[in-house]
Each structure stands twice: as C-alpha cells, then as structure tokens.
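This report concerns only the one structure given below.
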Amino acid sequence: MLERFKDNFIKGIERIKWFATLFSERLRIEIALMKLLYQSSEMDGKRGDLFKTIGRRVYELKENPDKNIFKDRVVLESVEGIEKLEKDMDDLKRRVSELSGAGV
C-alpha cells in the first residue's frame, strides 16, 4: 500500500511539473506578444506624428505655390520615415502571427 501511495505521489509530481512547464511556456509567448503589440502601437503613434509633420509643412508651403511639395526636404524625410515604419510594422505583425501560431 505504501508503494502504491509512493507511485501515485511521483505521478502527481510529474503532472505538476508538466503543467508548470506548459504554463511557463505559454506565459512566455503571451508576454512576447504583448511586447510586440506595444512596439507596434508606439510605431503607429510615431507614424501619426510624421503625418502631422507632413500636414503642417504642406500648410506652411501654401504661401509659396512655386515650391514643389514632394521635393521639400521635411516632407521627403517624413515620407521616408513613414515607409520605414510601415515596413517595420509589417515585420512586427508577421512576428506576432508566428508567435501566436506557435502557441496554439
């Protein structure tokens, strides 16, 4: 009887270890997802700021109709920044989908 109790106790400990390992892995994945989603929202905010910069600069250039808006240094830098951020955001979204697919 003591032997059976010992075997059941050992099996119970093994199940607890298995569950703890599974829970730990899932928690690690969820934290990584939250970090990536936070980075994505920060990048979205930066993108919004660049759009504001473009709009502000276009408004400033309305006084000078001879100036080509798309050749303005501020507008060009902002557009390049937006393109880079969108590329980085797409990469983050791809990583999020990979992580969420791995956790299933």
Looking only at the stretch 31-82, count how many residues are over 30 Å from Arg95 (Cα atoms) and of a type in the set (S, T, N, Q).
2
Scan the stretch 26-63 for residues that are farther than 19 Å from Val79 by Cβ and not hydrophobic (A, V, I, L, M, F, W, C) and jot them down.
Arg26, Arg28, Glu30, Lys35, Tyr38, Gln39, Ser40, Ser41, Glu42, Glu63
Aliphatic (A, V, I, L, M), under 30 Å from Glu98 (Cβ atoms) and loosely packed, with under 12 Cβ neighbours inside 10 Å: does that describe Leu22?
yes
Within the stretch 68-77, is even one residue among the acidic types (Asp, Glu) and assigned to a helix (DSSP H, G or I)?
yes
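Laboratory data are not the source of any read-out in this text; all were calculated from the coordinates shown. All of these numbers come straight from a predicted model, not from anything done at the bench. For neighbour counting, all protein chains shown are included, and Cβ atoms are generated from backbone atoms with ideal geometry for every residue, glycine included.
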